[in-house]
Amino acid sequence: MFFDTEFLKNEEIQLILEKTVETDPVKNWLPAYHFFICDKIGVKMGVCDLRVGYNERVYYGGNIGYRVERPYRGHHYAGKACRLLFQLAKRHGMGYVIITCNPDNWASRRTCEYAGGKLMEIVELPEDNDMRLEDGETAKCIYRVELSEQ
């Protein structure tokens, strides 16, 4: 079940729903929301998504993903979008979210920390992980955000 997302906004940004994706048990995908990160007047500055629930795939790939376009970087828009997504995760009864990034992506690591994430570990991706097989990635920083603290 997907919720209305009109409330996902603050004084600077709003998350505009692009699409929802149903669970896919064959691919081990959780239900997900995909958003555009926009300013108050609707200019698209990036994207973010929330995967609802927990499984091994999300442990390595994260409940939340984000990307901010180059001209809009440096304003914490990804971290602010994460904080808005926390509200939606809470509505789904989630007690925490996982956000991951590559160990050498210092900007994304700062975003995870800005959003309230605590570094749990830096892990090697399993040999059969899609990110390893398709993208050549080998390791991930695993951050956990306790939603009761947000």
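The values are calculated or read from the model by the stated rules, or taken from the named source; none is laboratory data. None of the values given here were measured: they were computed from a predicted structure. Heads up: the accessible areas ignore ligands, DNA and RNA and are worked out on the full protein's heavy atoms, side chains in. Shrake-Rupley method; radii C 1.70, N 1.55, O 1.52, S 1.80 Å.
Figures for the structure shown
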| quantity | calculated |
| --- | --- |
| Spread of Cα-to-Cα distances over 10 Å intervals beginning at zero, given as percent, for region 39-150 | 14, 46, 33, 7, 0 |
| Accessible surface, per residue, of the chain when the full set of protein chains is kept, probe 1.4 Å, Å² | 55 |
| Tilt relative to the chain, helix 77-91 - C-alpha long axis, 0 to 90 degrees, to 10 | 80 |
| In sequence order, calculated HN-Hα J values of region 46-53 (Karplus, 6.51, -1.76, 1.60; Hz; x Gly/Pro) | x, 9, 8, 8, 10, 9, 8, x |
| Qualifying lysines (Cα of each under 20 Å from Cα of LYS90; at least 8 residues distant if same chain) | LYS9, LYS19, LYS80, LYS118 |
| Centre separation in Å (Cα based) which lies between region 1-65 and region 101-150 | 17 |
